[in-house]
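Visitor: There's a structure below that I have some questions on.
Readers should treat all values here as calculations from the given coordinates under stated rules, not as data from a laboratory. Model, not experiment: these values are computed from the prediction. All Cβ positions, glycine included, derive from the backbone under ideal geometry; neighbour counts span all protein chains shown.
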Amino acid sequence: LAAASSRCRAWHIARCVATGVPATRSAAVSSVSPERSSFCSPPACEAAGEVGLTDPSRIRRVELRTPAMPYIDRPRPDTGLDGKFSWQYPAAVALLDGEVGPASFTDARRFSGDIVDILDRIVLIGDAAISGRMDRMHVAIMVELDDATCITRRCDAPVGSWSRPVPPDRLVRA
């Protein structure tokens, strides 16, 4: 697997160089690693994770406003791994679990009752006014609760992006 991942990273970087697209290590790793979501979903995960619900059963409706990228508008991924390439799925996991990790992309998690239920309540709004460039992108989430309270959050850059480095106290030495 490590050799395959290395080959995939090399191919990804070569493709990026050939097309003029910046090839960051995080983008290359996320493209082949089952524990990482796609390059666009970290802002959605972070915005959703910052909602901080103590009782997700109170969620009536979720509105996720993203750049218009129809190829990752996948409200009901076919598998857990397919959830990596969805705006909605990682946001749903972050809302329910507070974080997204390797176990988030298993079929067991994808088809669990709470995920199936919340995916039906997420409305994706692909907004052409939001840039699709990673350095200009943002994602906003609005969570409406059963008492009509609305919680909104916006992520302009997830932790770990070049404009928002991981703070030293959150780094873990392997």
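Visitor: Considering Cα pairs under 8 angstrom that are at least six residues apart, work out the relative contact order of the range 95-174 and quote it in whole percent. Mind showing how you got there, number by number?
Guide: Values: 45 pairs, mean separation 11.7, N = 80.
Over the range 95-174, the number comes to 15 percent.
Visitor: Compare the peptides 166-173, 150-157, 115-122 by average per-residue count of other Cβ atoms within 10 angstrom and give them in order, highest first.
Guide: On the way: 166-173: 7.1, 150-157: 15.6, 115-122: 17.2.
Peptide ranking by packing, descending: 115-122, 150-157, 166-173.
Visitor: If a/c stays under 1.5 just call it rounded; otherwise compare a/b with b/c (prolate if a/b is bigger, oblate if not). Do that for the range 100-170, with a ≥ b ≥ c from the square roots of the Cα gyration tensor eigenvalues.
Guide: The shape class here is oblate.
Visitor: Got a sec to turn the phi values of the range 50-67 into Karplus ³J(HN,Hα) couplings, 6.51 cos²θ - 1.76 cosθ + 1.60 with θ = phi - 60°, whole Hz, x for Gly and Pro?
Guide: 7, 4, x, 6, 8, 9, x, 5, 7, 5, 8, 7, 10, 10, 10, 9, 9, x
Visitor: Now for a different question. Please list, in order along the range 72-81, the HN-Hα scalar couplings obtained from phi with the Karplus expression 6.51 cos²θ - 1.76 cosθ + 1.60 (θ = phi - 60°), rounded to whole Hz, x for Gly and Pro.
Guide: Calculated HN-Hα couplings, in order: 10, 8, 10, x, 9, x, 5, 9, x, 5 Hz.
Visitor: First select every other residue whose beta carbon is under 9 angstrom from the beta carbon of Val123; then total the charges, Lys and Arg +1, Asp and Glu -1.
Guide: It works out to a net charge of +1.
Visitor: Which whole-number value in Å³ per residue fits the convex hull of the alpha carbons of the range 74-124?
Guide: Values: hull volume 3.1 nm³, N = 51.
Output value, Cα hull per residue: 61 Å³.
Visitor: What is the sum of charges, Lys and Arg at +1 and Asp and Glu at -1, for the other residues whose Cβ falls under 13 Å from the Cβ of Asp114?
Guide: 0
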